[in-house]
Amino acid sequence: MTSTEAINADKSGNMAGQCFVVVKYGDNEEAVLNPCCSTQIFVDSIKRKCHCDSSSMLDLIDLDGQIKNLSVSSEEYASDYVTARETYVAIRVERQGESGPNKYIPLLNNLEQLHPELMVKLNNLSRPGTKNRRDRLKKTQNRTSRTNSNKPESKPRPSSSERTSKSRQGK
């Protein structure tokens, strides 16, 4: 069923036409899918449309950059995770170890040209905190190199108790 057929079915009062989503993948291909089923069945149908093997972990991301987390529960309805009549991009999820962040790979070719802002968000989701860690490391290295190069070697600073006892002795 094309999106036009689904819209026309909706205008005729057919309830089945009211609940569909558009999933983009491949060379700007679109699949119109009914999310009124379990997330497992829904994801399996996306895998078939996108020609992915059954062991691949797939998810959807909306055009605002929100990942839908369809793999959270296979028993819940997919319609609980997606909004009817919205457009989504199919993504492959690769786990980076047990505690590492997930890597998200769009299944829509040329995403950076079709939706550049979405590609930026997807890249940021794949590397959470990378920029901040890199910036903190640079700042720490700069501070260390400045303090080491500007100061002549000196004795360690006395503790507060040593300073207090010295000040009392001087009185």
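Quick notes on this structure:
- Residues of region 65-97 that are of a type in the set (A, V, I, L, M), surrounded by 16 or more Cβ atoms within 10 Å (Cβ to Cβ) and outside any loop (DSSP other than H, G, I, E, B): Ile67, Leu70, Ala78, Val89, Ala90, Ile91, Val93.
- Region 81-116, subset acidic (Asp, Glu) and without any contact (Cβ under 8 Å) to a residue 12 or more places away in the chain, residue nearest to Gly26 (Cα to Cα): Glu112
- Restricting region 109-125 to residues that are out of contact with any helix residue (DSSP H, G or I) (no Cβ under 7 Å at 6 or more places or on another chain) and of a type in the set (A, V, I, L, M, F, W, C) leaves a set whose member that is farthest from Cys52 (Cα to Cα) is Val120.
- Cross-chain or 6+ apart pairs with Cβ under 6 Å, region 26-48 first and of a type in the set (D, E, K, R), then outside any strand (DSSP E or B): Asp27/Asn109
- The sole residue among Ala16, Ala31 that is of a type in the set (Gly, Ala, Ser) and modelled with pLDDT of 90 or more is Ala31.
The values are calculated or read from the model by the stated rules, or taken from the named source; none is laboratory data. Given the structure is predicted, the values throughout are model-derived calculations rather than measurements. With ideal geometry, Cβ positions are generated from the backbone for all residues, glycine too; neighbour counts draw on all protein chains shown.
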